[in-house]
Structures are given as C-alpha cells and as structure tokens.
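Below is one structure, written out as structure tokens; comments come after it.
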Amino acid sequence: FPMQMPELAKCSVLMRERSRVEETIHAMQRAGAGSLQVISDFDMTLTRFAHNGKRVPTTHNILDNRLLINEDCTRKMRELLNTYYPIEIDASRSAEEKLPLMVEWWTKVHELLIEQKIRRDMLAHAVKESSAMLRDGYKVFFECLAEHQVPLLIFSAGVGDVLEEVIRQNHVFHPNIHIISNYMDFDQTGVLQAFKGQLIHTFNKREGALSHAAGLRELQGRPNVVLMGDSLGDLTMADGVSEPQNVLTIGFLNDQVEERKESYINSFDVVLVKDETLDVPNAILRYIT
Ligand code: TMP
Ligand code: MG
C-alpha cells in the first residue's frame, strides 16, 4: 500500500479494488475530518466475535443472566439462536428470503424478554458480569473520533440500553456518539413492558437509516462516510446520507469465512477476515483526520 498504512497490507485484508480504496481514502483525507462521519454496526463489529476460543455475547445474549431472565427463557432464546443465526449468515439465501425470518426471530425474543419483567436497575449489573468485549484498539477508535469531533452513528439491531451500558462501562461514551437501536420501554416502576418504535433487525437497517439517521442534524453536511459492519445487511446503514461523496465500506468477516468470502469481497470495499481488532479502521481514520 503506497500510503503509510502497513495495516492494509496484511493478508487478512481483502480488497476487490485496491486502487478505488486508495482513491477514496485520499479524497476523504483532502476533505478532512469536518466532512466525515462514521456509521458502524455494534454486535460483532465494534464488539469482538470471539475471545480465547469462546463466542463473545451480543447485546441480546448479555441479557442471559439470572438477574434478568429465568432458565426457561435462556433455553428458549438459545433454541431460537440455534434456529435463526444459521439462517442470518447463510450465504445461499437472499436478504429478501431472510427478512421475514429475522422479523420472526426478533419478535419472539422480544416477547420472551417482556415476559421476564426485566428491571432497568439490573442491566448495568448484567453487563458487568458478562464477557462483553469491544474489539482491541477500541480506545484509539473512540478517542480519535471524539477528539476530531467526527460523529459516530452506532446503528444496531441489538438492544440499545445494553449497548449504551457496554460503551459506558468501557469509558468511551463521548458526546459525538449517536445511537439507533431497539430501546427498551420501562413502566413507572422500572419494569420492561415493551420495545420502543419500529423493530430493527439485521435486514431492515435501510428503513431505519431513512427514517432516523437522515434526520440527525449532527450528521448533515458530512458527505464522506466510513461504514463498518459484519453483515451484508449493514451496507444499507448509510442510505440516509443525503448527498454522499465518498463512501468506504469495511466488512468484518467473522464466521463462515470460505462460504461468504466472495460475496463479502463483492459487497464491501475492504474485508477483514477473522480480525478481532480495529487496527484497520484506526489506520484509515488516523490518515483521514
Ligand atoms: P447488530 O445489528 O448490532 O449486529 O445486532 C444484531 C445481532 O444480534 C445479529 O447478528 C443477531 C444477534 N442476535 C443474537 O445474538 N441474539 C438474539 O436473540 C437476536 C434477536 C439477535
Ligand atoms: Mg453485527
């Protein structure tokens, strides 16, 4: 790589068109931090996929704690995960085919969670006791964006309340962060009674982008976008940007690598294979800002 970015020369970094990536990064650098926004997925993108051979929990799975839900609910949520997660990442099915099944998965899980009468004041404890983990290099990532006042839109089909607690407990919840996610609705006594607003799952982020992200004042006038995700559905997260100029998409390929490699390379500008760090996004952001 001609630029001072040895991180992009590693063999875990795949690019369909290296020259286009270079040109995009150069154009973003010329325009500067004032023209930039970063849009990122949360689960398995800002958080690690695995650590020491064990899967790191997603925000939904962080709720799997006796402080919040009973054994029966844990068992049912696991069964749903075992049924629907393979569908979510199945390279042989289209997003259109997956969409109704994702709605089914999320709806069932949210109904189960509501039955459990989860208490708001227990969420922080559950996050503390969980093995939730942001990717290596997360401090540099969050601090760099905050320092240069680059807005970071975290766009997650996970649980917003849990996601916020994870970044708070890691001390990186800075004022440049905006979040679109599934938020819990608590009654007056602090007990979960519903989820707020339109359900967000992995394959309807486009609608959320158009209805929510497009209206965020802090994101206006920033036509350059670095987008990060781990699902092909994440690619629509920038659809709310009004007049995009340069968009660079970075995809984390965590699972089913051989089966999905081709489609990821064809869909994301930069593909990171089994990379548990934020080193590549950090190198790009360091160069641009
Ligand atoms: P994300 O948009 O922040 O990545 O969050 C969505 C991820 O959460 C998606 O990969 C599927 C996962 N998930 C679970 O792990 N357990 C669940 O019960 C549900 C509904 C989703
Ligand atoms: Mg994800």
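Structural remarks
- Criterion violated by P86 - all others in (1) in a helix (DSSP H, G or I); (2) free of Cβ contacts under 8 Å to residues at least 40 places away in the same chain; (3) under 29 Å from H178 (Cβ atoms); (4) within 16 Å of ligand 1 (Cβ to nearest atom) satisfied: (3)
- Scanning the range 53-67 turns up no residue that is at pLDDT 95 or above, surrounded by 15 or more Cβ atoms within 10 Å (Cβ to Cβ), β-branched (V, I, T) and away from ligand 1 (no atom under 16 Å from the Cβ).
- Listing of strands (runs of 3 or more DSSP E) fully contained in the range 224-289 that carry 2 or more residues being farther than 15 Å from L152 by Cα, within 15 Å of ligand 1 (Cβ to nearest atom) and hydrophobic (A, V, I, L, M, F, W, C): 246-253
- E7 meets the conditions (1) within 16 Å of ligand 2 (Cβ to nearest atom); (2) among the charged types (D, E, K, R); (3) touching a strand residue (DSSP E or B) at 6+ places or on another chain (Cβ under 8 Å) in every case but one. The failed one is (1).
- Every listed requirement among (1) in contact with a Phe, Trp or Tyr (Cβ under 7 Å, 6 or more places away or on another chain); (2) on the phi > 0 side of the Ramachandran plot is met by L278 save one, (2).
- Residue match in the range 61-74 (condition: among the acidic types (D, E) and not in a loop (DSSP other than H, G, I, E, B)): yes
- Failed item, numbered, when L36 is tested on (1) within 23 Å of the chain's Cα centre (by Cα); (2) within 16 Å of ligand 1 (Cβ to nearest atom); (3) surrounded by 13 or more Cβ atoms within 10 Å (Cβ to Cβ): (2)
For (1) among the aromatic types (F, W, Y); (2) touching a residue at least 12 places away in the same chain (Cβ under 8 Å); (3) buried (at least 21 other Cβ atoms within 10 Å of the Cβ), each residue gets a yes or a no:
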| site | (1), (2), (3) |
| --- | --- |
| M228 | no, yes, yes |
| G240 | no, yes, yes |
| F252 | yes, yes, yes |
| D255 | no, yes, no |
| Y287 | yes, yes, no |
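- Of all residues making up the range 39-52, the number that are part of a strand (DSSP E or B), of a type in the set (A, V, I, L, M) and either surrounded by fewer than 23 Cβ atoms within 10 Å (Cβ to Cβ) or near ligand 2 (Cβ under 9 Å from one of its atoms) (or both): 1
- Where a residue in the range 33-56 is under 16 Å from L219 (Cα atoms) and its partner, wherever it lies, is assigned to a strand (DSSP E or B) and modelled with pLDDT under 95, with Cβ under 9 Å and at least six apart: none
The values are calculated or read from the model by the stated rules, or taken from the named source; none is laboratory data. Small disclaimer: the values here were computed from a predicted structure and weren't measured. When we count neighbours, we look across all protein chains shown, and the Cβ atoms used for this are built from the backbone with ideal geometry, even at glycine.
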